[in-house]
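Notes follow once the structure below has been shown.
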Amino acid sequence: MTISNSNAPVARREALKDRLEQLTRMIEIRSVEERIQKLFAEGHVRGSTHLANGQEAVSVGIARSIDPDDIVTCTYRGHGHALALGVTPAAVLGEICGRVIGCAGGLGGSMHLVEPSVGLLPTAAIIGAGLPIACGAAMAARARGNDRVAVAIFGDGSANIGAFHESLNFAAIRKLPVVFVCENNLYGEYTRIQLSTPVEDIAVRAASYNMPGVIVDGQDADKVAEAMAEAVARARRGDGPSLVEMKTYRYSGHSRSDPATYRPAGELDAWLKRDPIDIFANRMVEENILAAGGLDKLKAEVREAVELATAEVLQSPGPELGEIMAHVGAYSGGGDQRWNFWSK
Amino acid sequence: MAKIWIRQAVLRALDDAMTDDPTVIMMGEDIAAAGGPFKVTEGLLAAHGPDRVIDTPISEMAFMGAAVGAAVCGMKPVVEMMFIEFIGVALDQLTTQAATMRYLSRGRLTAPLVVRASAGAGQGFGCQHSQMLDHWFRGTPGLKVVVTSNARTTYGLLRSAIEDPDPVVVLEPRVLYAEREEYEFDRNYRIPLGQAEIVRKGTDATLVTCGSMVRVALAAAESSKANIEVIDLLTLWPWDRKTVADSVARTGRLVTLEEAPEGSGWGGDVVSHIAIQAFGSLKAPPHRITLPEAPVPYSGPLEARFLPSPAYVAEQVDALVSTNKSPAPWWRNAA
Ligand SMILES: Cc1ncc(C[n+]2csc(CCOP(=O)(O)OP(=O)(O)O)c2C)c(N)n1
Ligand SMILES: [Mg+2]
């Protein structure tokens, strides 16, 4: 098992080529989210936190379909994406607990994960913010003469904000190598999609911007990867952007303070029957990669690894006071080293 | 007297305003069916119906702009921005459209609307959900800006803001929502916009502040060696120059305590006005206690240092009063 054996995000990302690692990573995401919930109850997490348990197949399906030097923007619901892209459990948990071991050194918190070495720009806490930024990353890739792509991940509720429409139009008209990924988990905060959005499928909006709009079973990591591969190939070829809609579900409420009482009875149970980890594990068994009954053992191993990472996090100090002023501008004295994308 | 949560003062002001004036409507995300992300609109949907208490999509530009249009045509919209940062995606409708409506129509068209939002730091929401941002609005002719500081000022300012004939931004320090306080509601209670309050009498220095920093200032005044007068500015624009100038004439010293970085804080304007208009009454240079020029840190210990504490404020005011020199802020001392 490769989980957490490597502390290098890029190595963790490369490891995702392996089928068993793909399953392991989904379990890792689930375990980390569960641990965060517990850390919250234990008083280690401030502010709010937005879990993505139930959406693991989307994260892993995307991460295995793009390269570490492709660019990703996503949102406050980004723990799973960060882990899938390669950020270590300790770096994610550490950030959420405000420790120096965190991927933003404890300055960002749950909503602001970042790891340039695997293309992850700081996750944004403002709805829609990531889409235009992904367009710009795609422009830079093209201007600098390489075939890198940008992936913008956002929710169904975010398809009602101006930045969504402006970005799709902008990317389409300039044929930018962007893949717009909408995680349609049926809710924006406490509001079900049909109360905020006149169409059931966000993908239909692609038609207005003359780009492919694809609907994907977001609980199946292979289906996610397949759809992503096509959209990414199209972008790399220079044929322009796509909108890929992942039908998925968040098992928890919107944020830590939300018991999700607005959900119709039975809805969660129906989704739990199509759990992304179970779906993938069953396939692993069929493919003879996982022994029958091997899932529980794997889950226990991963949970133990996450527990170790948590212990490491709780040993880590918080950032020093000087960090407040150290990274505001180039002359703040923090010894900033600018990340140079695509320098090799 | 009854003990209430400060968030209940928001709810009560909105509820009473909707009852008293049928043109008042509310728009925002999850304010109706869910009762509001901060539970400050709980029950309003049942009481006033879905035509007046309106859940919106995540489309701030659309509902902010709709508020402008509805206001021009006879309604009194109250828009909730949840976290004040979210107005960033809708700023044009407020600072460029609403603010110029009266001017461009030479008074024939006006936009009597309210934007209310939770604001400020202190709870670990991180740098994109913790700012005050009052300077985005203060600098715009045509807008008024108020900041609430307790249950009474929340009720009094909100009622006045909703009744005001022009657009008003109401900033509600989020840290206060879950505070409890003795307060008896009075339906007729209002705080006139543009009027500050002296909340503590003193003789050595005038400490001007607002919002959640009022509590900090009062605690600092208790522990300080100096006898500090504390003013709650309440309205940041247009602010009460007379109350501040009269106080400084008595104390001879001016200190501002702002939840804002130095470069954009309202204290710059207060200090410049007093320095220009009341130079002769100053025994010491005016002094500003602000946030450092940095985004709000997430880490608990860092955010605690980032925000002025009562001990730090007392230390700063004491230094000013005893030396008549402006003390350096902590981050310059540390450097
Ligand atoms: C501009 C802006 N408006 C409102 C919010 C508050 N907010 C945070 S998450 C959220 C719901 C987003 O729903 P969706 O896009 O479906 O993403 P999900 O949370 O389901 O992943 C809202 C309204 C915000 N962060 N930014
Ligand atoms: Mg959603």
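State yes or no: is residue A:94 more than 15 Å from the chain's Cα centre (by Cα), small (Gly, Ala, Ser) and at pLDDT below 95? Talk me through it step by step, then tell me what you get.
On the way: more than 15 Å from the chain's Cα centre (by Cα): yes; small (Gly, Ala, Ser): yes; at pLDDT below 95: no.
No.
Would you check which residues across the range A:192-210 are without any contact (Cβ under 8 Å) to a residue 60 or more places away in the chain and within 16 Å of ligand 1 (Cβ to nearest atom) and list them? Write out each step before concluding.
Let us first name the residues in the range A:192-210 that are without any contact (Cβ under 8 Å) to a residue 60 or more places away in the chain, namely A:193-210.
Answer for the range A:192-210, where residues must be without any contact (Cβ under 8 Å) to a residue 60 or more places away in the chain and within 16 Å of ligand 1 (Cβ to nearest atom): A:193, A:194, A:195, A:196, A:197, A:198, A:199, A:200, A:201, A:202, A:203, A:205.
Scanning the range A:129-152 for residues that are touching a helix residue (DSSP H, G or I) at 6+ places or on another chain (Cβ under 6 Å) and open to solvent by less than 10 Å² (accessible area, probe 1.4 Å), which turns out farthest from ligand 1 (Cβ to nearest atom)?
In this case the residue turns out to be A:149.
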Looking only at the range A:306-321, which residues are within 17 Å of residue B:297 (Cα to Cα) and more than 7 Å from chain B (Cβ to nearest Cβ)? A:317, A:320
Checking residue A:37 against (1) in contact (Cβ under 8 Å) with a residue 24 or more places away in the chain; (2) in contact with a helix residue (DSSP H, G or I) (Cβ under 9 Å, 6 or more places away or on another chain): exactly one of these is not met. Which one? (2)
Assuming residue A:110 fulfils every condition listed in (1) more than 16 Å from ligand 1 (Cβ to nearest atom); (2) facing another protein chain (nearest Cβ under 10 Å); (3) open to solvent by less than 10 Å² (accessible area, probe 1.4 Å) apart from one, which condition is it? (1)
Determine, yes or no, whether residue B:282 is more than 14 Å from every other protein chain (Cβ to nearest Cβ), touching a residue at least 24 places away in the same chain (Cβ under 8 Å), open to solvent by less than 10 Å² (accessible area, probe 1.4 Å) and in contact with a strand residue (DSSP E or B) (Cβ under 8 Å, 6 or more places away or on another chain). no
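Given the structure, is residue B:100 within 17 Å of the chain's Cα centre (by Cα) and among the hydroxyl-bearing types (Ser, Thr, Tyr)? Can you show your working first?
Numbers: within 17 Å of the chain's Cα centre (by Cα): no; among the hydroxyl-bearing types (Ser, Thr, Tyr): yes.
No: the conditions fail for residue B:100.
Being more than 13 Å from ligand 2 (Cβ to nearest atom) and of a type in the set (A, V, I, L, M, F, W, C) is the filter here, so list the residues in the range A:172-194 that pass it. Talk me through it step by step, then tell me what you get.
Start the filter on the range A:172-194 by keeping residues that are more than 13 Å from ligand 2 (Cβ to nearest atom), which leaves A:172-180.
Scanning the range A:172-194 gives A:172, A:173, A:176, A:178, A:179, A:180.
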With criteria (1) crowded, with 24+ Cβ neighbours inside 10 Å; (2) under 23 Å from residue A:271 (Cα atoms), residue A:89 comes up short on (2)
Scanning the range A:33-53 residue by residue, the ones that are part of a loop (DSSP other than H, G, I, E, B), under 19 Å from residue A:299 (Cα atoms) and in contact with a Leu (Cβ under 7 Å, 6 or more places away or on another chain) total 0
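So which of B:233, B:218 is farther than 23 Å from residue B:323 by Cβ, aliphatic (A, V, I, L, M) and open to solvent by less than 30 Å² (accessible area, probe 1.4 Å)? Walk me through it before giving the result.
On the way: B:218 fails: open to solvent by less than 30 Å² (accessible area, probe 1.4 Å).
Only one candidate passes the filter, namely B:233.
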Check the range B:267-278 and report whether any residue there is crowded, with 18+ Cβ neighbours inside 10 Å, outside the structural domain of residue B:138 (by TED's automatic domain parsing), in contact with a helix residue (DSSP H, G or I) (Cβ under 8 Å, 6 or more places away or on another chain) and over 23 Å from residue B:245 (Cα atoms). no
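If we only count strands (runs of 3 or more DSSP E) wholly inside the range B:209-299, which ones have 2 or more residues that are over 20 Å from residue B:137 (Cβ atoms)?
It comes to B:228-232, B:254-261, B:287-291.
Is the range B:120-129 home to any residue that is modelled with pLDDT under 95, on the phi < 0 side of the Ramachandran plot and surrounded by fewer than 20 Cβ atoms within 10 Å (Cβ to Cβ)?
Let us first name the residues in the range B:120-129 that are modelled with pLDDT under 95, namely none.
Checked the range B:120-129: no residue is modelled with pLDDT under 95, on the phi < 0 side of the Ramachandran plot and surrounded by fewer than 20 Cβ atoms within 10 Å (Cβ to Cβ).
Here is a list: B:58, B:87. Which entry is within 16 Å of ligand 2 (Cβ to nearest atom) and buried (at least 21 other Cβ atoms within 10 Å of the Cβ)?
Working: B:87 fails: within 16 Å of ligand 2 (Cβ to nearest atom).
Testing whether each residue is within 16 Å of ligand 2 (Cβ to nearest atom) and buried (at least 21 other Cβ atoms within 10 Å of the Cβ) leaves just B:58.
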Please pick out the residue among A:162, A:119 that is within 14 Å of chain B (Cβ to nearest Cβ) and either out of contact with any Ser or Thr (no Cβ under 8 Å at 6 or more places or on another chain) or open to solvent by 10 Å² or more (accessible area, probe 1.4 Å) (or both). A:162
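Quick check: is even one residue across the range A:173-189 within 16 Å of ligand 1 (Cβ to nearest atom), over 16 Å from the mean Cα position of the chain (by Cα), away from every other protein chain (no Cβ under 12 Å) and open to solvent by 20 Å² or more (accessible area, probe 1.4 Å)? Even if it seems obvious, please write down each step before you answer.
Taking the range A:173-189 first, the residues within 16 Å of ligand 1 (Cβ to nearest atom) are A:180-189.
Restricting the remaining residues to those that are over 16 Å from the mean Cα position of the chain (by Cα) gives A:186-189.
Filter once more, so that each one left must be away from every other protein chain (no Cβ under 12 Å): A:186.
Retained after the next criterion (residues that are open to solvent by 20 Å² or more (accessible area, probe 1.4 Å)): A:186.
So far as the range A:173-189 goes, yes, one or more of its residues are within 16 Å of ligand 1 (Cβ to nearest atom), over 16 Å from the mean Cα position of the chain (by Cα), away from every other protein chain (no Cβ under 12 Å) and open to solvent by 20 Å² or more (accessible area, probe 1.4 Å).
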Open to solvent by less than 60 Å² (accessible area, probe 1.4 Å), in contact with a Phe, Trp or Tyr (Cβ under 8 Å, 6 or more places away or on another chain) and among the hydroxyl-bearing types (Ser, Thr, Tyr): is that true of residue B:23 in this structure? no
Cβ-Cβ under 6 Å pairs, at least 6 apart or on other chains, the range A:167-179 side on the phi > 0 side of the Ramachandran plot, far side surrounded by fewer than 24 Cβ atoms within 10 Å (Cβ to Cβ): A:175/A:240
Just to confirm my filter: which helices (runs of 4 or more DSSP H) fall fully inside the range A:57-170 and include at least 2 residues that are within 16 Å of ligand 2 (Cβ to nearest atom)? A:79-85, A:130-143
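Just to confirm my filter: which helices (runs of 4 or more DSSP H) fall fully inside the range A:211-320 and include at least 2 residues that are under 30 Å from residue A:174 (Cα atoms), in contact (Cβ under 8 Å) with a residue 24 or more places away in the chain and open to solvent by less than 70 Å² (accessible area, probe 1.4 Å)? Quick ask: steps written out before the conclusion?
Numbers: elements: A:221-237, A:267-272, A:276-286, A:294-315.
Hits in the range A:211-320: A:221-237.
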Got a number for residues in the range B:276-335 being modelled with pLDDT under 95 and β-branched (Val, Ile, Thr)? 0
When you check residue B:178 against the structure, is it open to solvent by less than 10 Å² (accessible area, probe 1.4 Å), farther than 26 Å from residue B:94 by Cβ and either part of a strand (DSSP E or B) or of a type outside the set (S, T, N, Q) (or both), yes or no? no
Give just the number: which of (1) of a type outside the set (S, T, N, Q); (2) over 21 Å from residue A:121 (Cβ atoms); (3) more than 14 Å from ligand 2 (Cβ to nearest atom); (4) open to solvent by 10 Å² or more (accessible area, probe 1.4 Å) does residue A:206 not satisfy? (4)
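The values are calculated or read from the model by the stated rules, or taken from the named source; none is laboratory data. These figures come from a predicted structure and were not determined experimentally. Positions of Cβ are generated from backbone atoms using ideal geometry, with glycine treated the same way; all protein chains shown enter the neighbour counts. Ligands, DNA and RNA are stripped out before the accessible areas are found, and what is left, the full protein with its side chains, is counted by its heavy atoms. Shrake-Rupley method; radii C 1.70, N 1.55, O 1.52, S 1.80 Å.
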